[in-house]
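The values are calculated or read from the model by the stated rules, or taken from the named source; none is laboratory data. These numbers were taken from a predicted model, which means no experiment stands behind them. In this analysis, Cβ positions are derived from the backbone assuming ideal geometry, glycine residues included, and neighbour counts consider all displayed protein chains.
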Amino acid sequence: MNTTGGRQLAAALKAHGIEQVYGIPGTHNLEIFAGLHSEGIRVITPRHEQGGGYAADGSARVSGKPSVLITTTGPAALNAAAAMLQAHSDSVPVLLISPGVPVRHPGLGNGLLHEVRSQSGVFDSIVESSVRVTSPGEIPQAVAYAFATMTTGRNKPVYLEIPLDVIEEDGPHTPVQPVSADVRLPLDEAALDSAAASLEAAKKPLLIAGGGSRGAGRATAQLAEALGAPIVETTAGMGVLESPNRIGAIGGLAAFHTLLGESDALIAVGTELAPSEFWDPGMRLPETVVRIDIDQRAMITNAAPSHQLLARAEEAVAGLVDRLTGQPAEGELWSQPLTQEIEAERSEWHKPFKALTEALNIHRQTIDGSLTLVGDSSMSCYYGLQLGVRLREGDRYLYPAGGGTLGYSLPAGIGAKFGRPSDEVIAVAGDGGAMFTIQELMAAVEHRLAVSFIIIDNGGYGEIAREMLERGDAPTAVALGRPDFVALANALGMQAQKVTDASQLATGLAEAREAQAPRLFVMDEHSPTAEYLVNNPQFGKSKPSARPVHME
Ligand SMILES: Cc1ncc(C[n+]2csc(CCOP(=O)(O)OP(=O)(O)O)c2C)c(N)n1
Ligand SMILES: [Mg+2]
């Protein structure tokens, strides 16, 4: 049977279990959208491809399965580039599909609509695999290859390009069966014996739990407790485990580096030990480094381990726990003074965001299921949420750690709700980050998604202002005009309110859950940086003149 490339693509996505995609149609991808329609695949329409990419990222992170973004050629595909970079840096399986210039094309820059000299070349330098097919018959295999790539080892994003003429062209339909992603690696018993012996010999072991430890939370906590090892999480590791040894996602604190410097053994579970997580390009690691990862390349990224355990985290960690023979540690962590130093530094950075995290901690107590908290590259997230929110085992924190992109949170929150409707989803962003993708709130309104959005407003690019001041520079281009976010949300059809303290925010979050509808909360930040920005407006009067308007 012959079918067009566009329809073969839709059928192949369906065969891989895709029931919903994010996408914006255009003249060049009409046959793909026709195929999606006839396969019964739902399309969620973002208002910009970058937001679509962050939503796809959010969906994939919470569901653990690949998600798909479909754009049209040229600017549309390039609009998604930052999101693909973000997904790549944080090991998230997002498949971007776009049309490209026809196979039969002069390639002379002759002005074809949306023409890019090498669109697949752009993505070749961003994602794991960038594939451009040349005939309809290749499409089912290319889709199967994309899904296999996304789910082999660490998850990763892929780009697939279908030339304009191939989308419309008829070709023989040769379906390809999806490949199973579930590969069990045999455990290396000798490596486990040797790692367990080294860990037992250590006096000051430290454990870092990354995103790859998800699913191994209990065993990881047991291991750390048995060894008396403090547990530090990466941002992707937040919500993986609960333990008295857990000291949180403190990788950005100076005291963390002191802790690491004093340790004599490190157990790194499912983490690339990325500099972006630890805010320091040169980590001093102990001689004994036990790394557990399912990906060979991650095993040697940033640190060559003394002990390599290539396996699923739950199996390797359980294997270590089984081998421990000594007395369990006394329940006290190895460095009490250091723990106090960490607490002091944590509370200093966290101070301006106490009301935010207090409200979230109060609200967390009232949630029966799991919470997905979404953050942006804003201080309220890395100093606020990360240093002050107590997540429970099974919760998630979605954060643009590697790419460090602004504008992630609001659309990723929307994607997260689609990806795990049973989770309560709360997305937090700074005023600067929010303005990158605020239009994506329309999708939450259109689909009446029960997501709570919180904007922490400090009058501009606070972190950058802080850094400029720290350098002794005159803060430039950081004090922003202040939109009336409540009115802005209302204009999009969303209820919104200003809140001034923790109890107001906690009450509002409870009401929003009751209403099962999206809602925006806006809270002013009280900090020296906020004060500086508000009192030194770049553009005349800093406060918006509009009064907050509440939609009924
Ligand atoms: C896409 C992108 N552009 C620029 C930056 C640089 N940047 C990092 S933090 C920041 C300020 C963010 O402002 P806001 O979201 O209001 O958070 P705040 O720092 O005020 O807490 C900027 C501009 C970035 N990280 N990502
Ligand atoms: Mg700000």
Test residue 495 against the stated conditions and say whether it is more than 16 Å from ligand 2 (Cβ to nearest atom), on the phi < 0 side of the Ramachandran plot and touching a Lys or Arg at 6+ places or on another chain (Cβ under 9 Å). yes
Any chance the stretch 165-183 includes a residue that's farther than 21 Å from residue 12 by Cβ and touching a residue at least 40 places away in the same chain (Cβ under 8 Å)? no
Looking at the structure I just gave you, is residue 539 of a type in the set (Phe, Trp, Tyr) and modelled with pLDDT of 95 or more? no
Could you please let me know if residue 455 is within 11 Å of ligand 1 (Cβ to nearest atom) and surrounded by fewer than 22 Cβ atoms within 10 Å (Cβ to Cβ)? no
Condition test on residue 271, is it touching a residue at least 60 places away in the same chain (Cβ under 8 Å), polar (S, T, N, Q) and in a loop (DSSP other than H, G, I, E, B)? yes
Test result for residue 434, of a type outside the set (Ser, Thr, Tyr), farther than 18 Å from residue 62 by Cα, in contact with a Cys (Cβ under 9 Å, 6 or more places away or on another chain) and within 8 Å of ligand 1 (Cβ to nearest atom): no
Residue list for the stretch 201-226, restricted to those being among the hydrophobic types (A, V, I, L, M, F, W, C) and touching a helix residue (DSSP H, G or I) at 6+ places or on another chain (Cβ under 6 Å): 207, 209, 216, 219, 223
State all residues of the stretch 55-99 that are within 16 Å of ligand 1 (Cβ to nearest atom), over 27 Å from residue 182 (Cβ atoms) and surrounded by fewer than 24 Cβ atoms within 10 Å (Cβ to Cβ); if no residue qualifies, say none. 78, 79, 81, 82, 85
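Results for (1) modelled with pLDDT under 95; (2) more than 15 Å from ligand 2 (Cβ to nearest atom); (3) more than 23 Å from the chain's Cα centre (by Cα), shown as yes or no for each residue.
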site: 398; (1), (2), (3): no, yes, no
site: 417; (1), (2), (3): no, yes, no
site: 421; (1), (2), (3): no, yes, no
site: 436; (1), (2), (3): no, no, no
site: 446; (1), (2), (3): no, yes, yes
site: 467; (1), (2), (3): no, no, yes
site: 475; (1), (2), (3): yes, no, yes
site: 487; (1), (2), (3): no, yes, yes
Of the criteria (1) away from ligand 1 (no atom under 13 Å from the Cβ); (2) in a helix (DSSP H, G or I); (3) surrounded by fewer than 24 Cβ atoms within 10 Å (Cβ to Cβ), which one residue 393 fails: (2)
Residues located in the stretch 417-437, provided they are in a strand (DSSP E or B) and out of contact with any strand residue (DSSP E or B) (no Cβ under 7 Å at 6 or more places or on another chain): none
Being in contact with a Leu (Cβ under 6 Å, 6 or more places away or on another chain) and either within 13 Å of ligand 2 (Cβ to nearest atom) or not assigned by TED's automatic domain parsing to the domain that holds residue 362 (or both): is that true of residue 530 here? no
Taking the condition surrounded by fewer than 24 Cβ atoms within 10 Å (Cβ to Cβ) and among the charged types (D, E, K, R), does residue 233 pass? no
Restricting to the stretch 5-42, and then to whatever is over 24 Å from residue 171 (Cβ atoms) and of a type outside the set (S, T, N, Q), can you tell me which residue is nearest to the chain's Cα centre (by Cα)? 22
Looking at the stretch 152-170, is at least one residue surrounded by fewer than 15 Cβ atoms within 10 Å (Cβ to Cβ) and under 25 Å from residue 31 (Cα atoms)? yes
With the condition kept exactly as written, say whether any residue in the stretch 92-104 is in contact with a helix residue (DSSP H, G or I) (Cβ under 8 Å, 6 or more places away or on another chain) and either at positive phi or without any contact (Cβ under 8 Å) to a residue 60 or more places away in the chain (or both). no
Do you know which residues across the stretch 361-390 are among the small types (Gly, Ala, Ser) and either surrounded by 24 or more Cβ atoms within 10 Å (Cβ to Cβ) or more than 9 Å from ligand 1 (Cβ to nearest atom) (or both)? 369, 370, 375, 378, 380, 384, 388
Output yes when any residue across the stretch 116-130 is small (Gly, Ala, Ser) and either in contact with a His (Cβ under 8 Å, 6 or more places away or on another chain) or part of a helix (DSSP H, G or I) (or both), and no when none is. yes
Conditions: (1) surrounded by fewer than 19 Cβ atoms within 10 Å (Cβ to Cβ); (2) assigned to a loop (DSSP other than H, G, I, E, B). Residue 297 meets all but one. Number of the miss? (2)
Filter the stretch 154-182 down to residues that are outside the structural domain of residue 120 (by TED's automatic domain parsing) and within 24 Å of the chain's Cα centre (by Cα) and give me whichever is nearest to residue 84 (Cα to Cα). 181
Going through (1) touching a residue at least 24 places away in the same chain (Cβ under 8 Å); (2) surrounded by 19 or more Cβ atoms within 10 Å (Cβ to Cβ) one by one, residue 141 fails only at (2)
